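Before any comments, here is the structure.
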Amino acid sequence: MKLDPWGAVDITDYSKLFDEFGIAPFETIISEISNPHLYMRRQIIFGHRGYQTILEAMRNKTPFAVMSGFMPSGRIHLGHKMVMDEMIWHQQMGAHAFFAVADMEAYSVRNISWKKCVEIGINEYVLSLIALGFESNGRIYFQSKNPLVKDLAFELGMKTNLSEMGAIYGFPGETHVSHMLSTLIQSADILQPQLAEYSGPKPVVIPVGADQDPHIRLTRDIASRMRMFKVEPRECYISVRARAANKAAMRAIADRMEGKTRLYAEHLDIYDNDDMTVIESIVREVEIEHGGCGFYQPASTYHRFMSGLTGGKMSSSNPNSIIALTESPDVAAAKIKKAKTGGRITLAEQRRFGGEPQKCTVYELLMFHLLEDDEQLAEIFEKCRDGGRTCGKCKALAVELMSSFLKEHQEKRELAKERLDEFGLKI
């Protein structure tokens with residue numbers, strides 16, 4: 001399986017991502033979340049990397065952040081809304097939120113002009129983000145206007161080489177350097193919330209679709225390489241090993257440790273103390289005091305792709321497969337009425353054999369976006385499968401709910417225009 005952040009990826013078996021890419025199943029940790037988002041409850045978020053750090057921060061009410069963004073290349077649709085919903089939920093849970101308009105990626109990968117990036121970025125993505133509930137204590141920025149991100153990307157480049165880029169992204173020889181640089185810019189986006197300007201290192205979660213996992217893997221690797229020290233549990237002790245030799249820093253770590261220690265030239269062994277959380281905290285604190293970054297590896301969540309209304313993957317290149325958040329309710333209603341369902345060919349067959357809601361794009365609209373009530377959703381699923389509910393009823397319900405949502409959302413988008421200055425932006 002190949003995951004391409006810029007190409008068409010259609011995943012039919014998500015379990016392969018666990019085995020082939022090391023993504024962990026989300027269902028094993030959902031019981032630790034007191035008020036899970038509906039994407040979590042309904043297993044739409046299927047996997048994660050390192051989300052335990054976020055759980056711990058939420059549980060202990062310690063600082064953490066959520067970060068994501070979009071390349072401004074087209075109309076905002078329901079697939080984009082999923083990421084925004086996840087960002088806003090984490091913000092409500094206490095996260096400091098960062099949203100990037102990836103204009104440098106759009107310019108280098110899609111050849112979209114800087115002017116067009118601003119127009120699409122604000123009019124499509126930013127206005128909808130604010131309308132959906134993004135709070136004003138969050139940060140919205142354009143990559144090209146953010147010196148912190150660009151400076152950090154330059155530093156991250158010192159820990160990355162071309163062969164690694166080729167292995168992760170499959171770049172052919174003719175790939176231009178700015179395209180490659182855009183991946184480091186995204187790594188800098190992801191790590192930016194941990195800079196001193198934002199109160200230093202903290203757990204950060206990136207909500208994405210599975211096709212964006214290459215960016216997460218690269219950034220997690222770079223974050224580790226940027227550290228001065230690595231903390232490793234051994235059989236009878238914990239070892240702190242130096243990536244960049246700094247005798248004064250190593251000595252400072254030893255001085256602050258409880259329990260027996262043995263200090264060597266490039267590592268410190270700690271006995272009679274197995275509290276990894278405390279040890280890592282001390283190491284990170286000393287590292288920062290001695291000029292290091294102390295980055296946490298970023299966490300990530302992965303959600304399933306929505307099916308396109310016409311079947312197959314939802315894609316902006318096929319306008320009939322998507323519902324844009326900026327299109328009229330009447331246009332959206334017409335698309336829903338023509339949408340591919342899981343119903344049988346005739347009503348008699350539907351009554352006899354039942355429908356297949358797991359294959360129905362209209363049921364997906366209800367599950368992903370339109371119905372908050374889990375019991376009502378389960379009832380619709382069962383009645384469809386048992387043949388007691390027709391496709392017409394589901395389409396009528398989806399049309400009603402989608403029309404109401406779009407009308408309200410577009411009214412909020414108009415109000416959002418008056419709030420752009422809260423984020424340092426203007427149309």
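The values are calculated or read from the model by the stated rules, or taken from the named source; none is laboratory data. Bear in mind the structure is a predicted one, so any value in this text is a computation, not a measurement. Note that we place each Cβ from the backbone using ideal geometry, even for glycine, and neighbour counts take in every protein chain shown.
Between Ser300, Ser316, which is surrounded by 15 or more Cβ atoms within 10 Å (Cβ to Cβ) and at pLDDT below 90?
After applying the criteria, what remains is Ser316.
For the stretch 71-83, what are the residues that are assigned to a helix (DSSP H, G or I) and under 19 Å from Glu119 (Cβ atoms)?
His80
Could you tell me which numbered condition Ile270 fails, if it satisfies all but one of (1) more than 34 Å from the chain's Cα centre (by Cα); (2) surrounded by fewer than 21 Cβ atoms within 10 Å (Cβ to Cβ); (3) at pLDDT 90 or above?
Against the list (1) more than 34 Å from the chain's Cα centre (by Cα); (2) surrounded by fewer than 21 Cβ atoms within 10 Å (Cβ to Cβ); (3) at pLDDT 90 or above, Ile270 comes up short only on (2).
Look at Pro201 and say whether it is touching a Gly at 6+ places or on another chain (Cβ under 6 Å) and at pLDDT 95 or above.
Against the criterion (touching a Gly at 6+ places or on another chain (Cβ under 6 Å) and at pLDDT 95 or above), Pro201 qualifies.
Going residue by residue through the stretch 263-270, is there one that turns out to be hydrophobic (A, V, I, L, M, F, W, C), under 16 Å from Ser239 (Cβ atoms) and part of a loop (DSSP other than H, G, I, E, B)?
Yes, there is a match, as at least one residue in the stretch 263-270 is hydrophobic (A, V, I, L, M, F, W, C), under 16 Å from Ser239 (Cβ atoms) and part of a loop (DSSP other than H, G, I, E, B).
State which residue is farthest from Met67 (Cα to Cα) when the search covers only the stretch 115-140 and only residues that are of a type in the set (Ser, Thr, Tyr) and surrounded by 21 or more Cβ atoms within 10 Å (Cβ to Cβ).
Checked the stretch 115-140; the qualifying residue farthest from Met67 (Cα to Cα) is Ser128.
Wholly within the stretch 96-142, which helices (runs of 4 or more DSSP H) include no fewer than the required count, namely at least 3 residues that are among the basic types (Lys, Arg), free of Cβ contacts under 8 Å to residues at least 40 places away in the same chain and in the same structural domain as Glu197 (by TED's automatic domain parsing)?
none
Considering only residues of the stretch 251-267 that are among the basic types (Lys, Arg) and within 18 Å of Glu285 (Cα to Cα), which is surrounded by the fewest Cβ atoms within 10 Å (Cβ to Cβ)?
The selected residue is Arg251.
Can we say Asp330 is more than 29 Å from the chain's Cα centre (by Cα), of a type in the set (D, E, K, R) and assigned to a loop (DSSP other than H, G, I, E, B)?
It is false that Asp330 is more than 29 Å from the chain's Cα centre (by Cα), of a type in the set (D, E, K, R) and assigned to a loop (DSSP other than H, G, I, E, B).
How about the stretch 181-208: which of its residues are small (Gly, Ala, Ser) and surrounded by fewer than 20 Cβ atoms within 10 Å (Cβ to Cβ)?
Those that are small (Gly, Ala, Ser) and surrounded by fewer than 20 Cβ atoms within 10 Å (Cβ to Cβ): Ala196, Ser199, Gly200.
Quick one: is Tyr51 buried (at least 17 other Cβ atoms within 10 Å of the Cβ), in contact with a Ser or Thr (Cβ under 7 Å, 6 or more places away or on another chain) and modelled with pLDDT of 95 or more?
Criteria met by Tyr51.
Go through the residues of the stretch 231-246 one by one and say whether even a single one is within 29 Å of Val208 (Cα to Cα), among the hydrophobic types (A, V, I, L, M, F, W, C) and surrounded by fewer than 20 Cβ atoms within 10 Å (Cβ to Cβ).
Yes, that holds for at least one residue.
Among the listed residues Pro63, Pro36, which satisfies the condition of being without any contact (Cβ under 8 Å) to a residue 12 or more places away in the chain and surrounded by fewer than 21 Cβ atoms within 10 Å (Cβ to Cβ)?
Values: Pro63 fails: without any contact (Cβ under 8 Å) to a residue 12 or more places away in the chain.
One residue alone meets the criteria, Pro36.
Surrounded by fewer than 18 Cβ atoms within 10 Å (Cβ to Cβ) and among the hydrophobic types (A, V, I, L, M, F, W, C): which single residue out of Leu366, Leu347 fits that description?
Result of the check over Leu366, Leu347: Leu347.
Spot the failing condition for His90; the list is (1) buried (at least 20 other Cβ atoms within 10 Å of the Cβ); (2) at pLDDT below 95, and only one is missed.
(2)
Please find, within the stretch 168-202, the residue that is farthest from Gly157 (Cα to Cα) out of those that are part of a helix (DSSP H, G or I) and aromatic (Phe, Trp, Tyr).
Looking at residues that are part of a helix (DSSP H, G or I) and aromatic (Phe, Trp, Tyr), I get Tyr198.
So which residues in the stretch 69-87 are crowded, with 22+ Cβ neighbours inside 10 Å and among the small types (Gly, Ala, Ser)?
Gly69, the sole residue that qualifies.
Out of the stretch 323-342, which residues are of a type in the set (A, V, I, L, M, F, W, C) and in contact (Cβ under 8 Å) with a residue 60 or more places away in the chain?
Result: Ile323, Ala324, Leu325, Ala332, Ala333, Ile336.
Which fully enclosed strands (runs of 3 or more DSSP E) of the stretch 203-262 have 3 or more residues being in the same structural domain as Gly157 (by TED's automatic domain parsing) and touching a residue at least 40 places away in the same chain (Cβ under 8 Å)?
204-209
Just wondering, is there one or more residues in the stretch 273-287 that are surrounded by fewer than 16 Cβ atoms within 10 Å (Cβ to Cβ), outside the structural domain of Met87 (by TED's automatic domain parsing) and in contact with a Cys (Cβ under 9 Å, 6 or more places away or on another chain)?
No, that holds for no residue.
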